[in-house]
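The values are calculated or read from the model by the stated rules, or taken from the named source; none is laboratory data. All figures in this text were calculated on a predicted structure; none of them were measured in a lab. Because the Cβ atoms are built from the backbone with ideal geometry, glycine has one as well, and the counts that use them run over all protein chains shown. Keep in mind that these areas ignore ligands, DNA and RNA; they rest on the heavy atoms of the full protein, side chains included. Shrake-Rupley method; radii C 1.70, N 1.55, O 1.52, S 1.80 Å.
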Amino acid sequence: MTATTTEATARALVAPGKGILAADESSGTIEKRFKSIGVESTEDRRRTYREMLFTTAGASDFISGVILFDETIRQSASDGTPFPKVLSEQGIITGIKVDTGAKPLAGHEGETVTEGLDGLRERLAAYVGLGARFAKWRATISIGPDIPSRACLRVNAHALARYAALCQEAGLVPIVEPEVLMDGDHTIERCYDATVATLEAVYDELYEQAVVLEGSLLKPNMVLSGKDCPAQAGVDEVAGATLRTLRATVPAAVPGIVFLSGGQSDEAATVHLNAMNTCGPHPWELSFSYGRALQAAALKAWGGDDRNLAAGQAAFLHRARCNGAARTGSYSGDMELAAAS
């Protein structure tokens, strides 16, 4: 696959009005989500739930790609069709999570480094054979007393860049995801400083390791107050701080920025994205790569009961439609009221 092809794929993932569904929950994470609705997390239940999402009629109008977990990319729908083919037949691009999780960073209490580089070249080749056209790697950055440290930022940026270079070697578009976490009582100003430092480190490493920015996407956090901060920033403040951060750090060569929801409520993630897209023009497409913020309502509506599959799909389609509208700054609360009625 050529560089031109990966650039075309990157642009297709941030096509106007569309974004990415992150359905790459690890076994532990999906177990917690199923537990919240009183459902046992078996392989068959996970397959049924994800098939519900992937076969939602009309979702491809708003969803350009889906990030899968290793288990899911190897699974098939109830009619025997492999999930990557189910998606491609709707014009949706298959992606794959390839890191193996964040682990404690030696010598730096309270900080983590994401692992998974060992054997990654071979795993990427296998995923290409299964139908993947893009990949994702997540690094987590915490804010606290004296952190994030420079060491934490540099080691995670280095790993992200090595992953991205290997992806492009394999013909995959790398989604680079450095997430500054909401956990804590920090102010939006602390989040701004930490996010700027994180993205500066990431793009320094991407440049050093010859990653073609035109064939990559960035999946960052929005700049928010810590979830325990007594002074929560408003929508306009979040949008303004996030845009200032991106303008200071992200090269215009990057085709798109696909935000993570990062613990925000469904509606807050949509409102913040909408606000940023009313402040254009921007050098990049501003889109979404949401997991829980696209799935929570669908999971609740389904409730593990196959009689509720249509209700689950309706809830998923509604959130996809709302975020598709936020891509153009045309979302409004009336869309929520209309769905509720």
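At a Förster radius of 51 Å, what calculated FRET efficiency corresponds to the Cβ-Cβ distance of residue 115 and residue 79, to the nearest 0.05?
Approximately 0.90, to the nearest 0.05.
Work out which helices of the chain, taken as complete DSSP H runs, extend at least 18 Å along their axis over the Cα atoms and score a mean Kyte-Doolittle of -0.5 or more, then list them.
150-170, 188-208, 235-249, 309-326
Find how many whole Å separate the alpha carbon centroid of the range 15-73 from the alpha carbon centroid of the range 295-341.
14
Could you tell me the extents of the range 1-157's C-alpha atoms along the three principal axes, largest first, rounded to whole Å?
Principal-axis extents of the range 1-157 (Cα, largest first): 51, 46, 32 Å.
For the chain, what proportion of DSSP beta bridges, expressed in % and rounded to the nearest 5, is antiparallel? Before the final figure, lay out each step's value.
Working: 5 of 34 bridges.
So the antiparallel bridges in the chain amount to around 15 percent.
In whole angstrom, and with the biggest value first, how far do the Cα coordinates of the range 141-188 range along each principal axis?
For the range 141-188, the Cα extents along the three principal axes come out at 41, 19, 12 Å.
Using a 1.4 angstrom probe, figure out how much accessible area the chain has per residue, in square angstrom, rounded to the nearest whole. It would help to have the intermediate numbers written out before the result.
Working: 13800 Å² over 341 residues.
Value returned for the chain: 40 Å² of accessible area per residue.
Using a 1.4 Å probe on the protein heavy atoms, what percent of the accessible area of the range 7-96 belongs to carbon and sulfur?
47
Given (1) 146; (2) 131; (3) 184, which label gives volume of the Cα convex hull per residue in Å³ as computed from the coordinates?
Step by step, volume of the Cα convex hull per residue in Å³ for this structure corresponds to label (2).
How much length, in nm to one decimal, is gained on full extension between residue 60 and residue 169, taken as 0.36 nm per residue of separation minus their Cα-Cα distance?
Working it through step by step, the gained length comes to 36.4 nm.
Using 0.36 nm times the number of residues separating residue 35 and residue 5, minus their current alpha carbon distance, what extension gain do you get?
Net length gain for the segment: 6.7 nm.
Based solely on its DSSP helices, what 222 nm [θ] is calculated for the chain when runs of n ≥ 4 H residues each add -39,500 (n - 2.57) and the sum is averaged over all residues, nearest 500 deg cm²/dmol?
For the chain, the value works out to -14500 deg cm²/dmol.
Using 7 Å Cα-to-Cβ label points, what is the residue 310/residue 189 separation (nm, one decimal)?
That separation, rounded to one decimal, is 5.5 nm.
Please grab the % of Cα pairs in the range 258-341 that end up more than 16 Å from each other.
More than 16 Å apart: 52 percent of the Cα pairs in the range 258-341.
Compute the length gained on full extension between residue 265 and residue 88: take 0.36 nm times their separation in residues and subtract their Cα-Cα distance, giving the result in nm to one decimal.
60.8 nm
Run the simple label-point estimate for residue 339 and residue 207 please: 7 Å along Cα→C-beta, distance reported in nm.
Simple spin-label model gives 4.1 nm for this pair.
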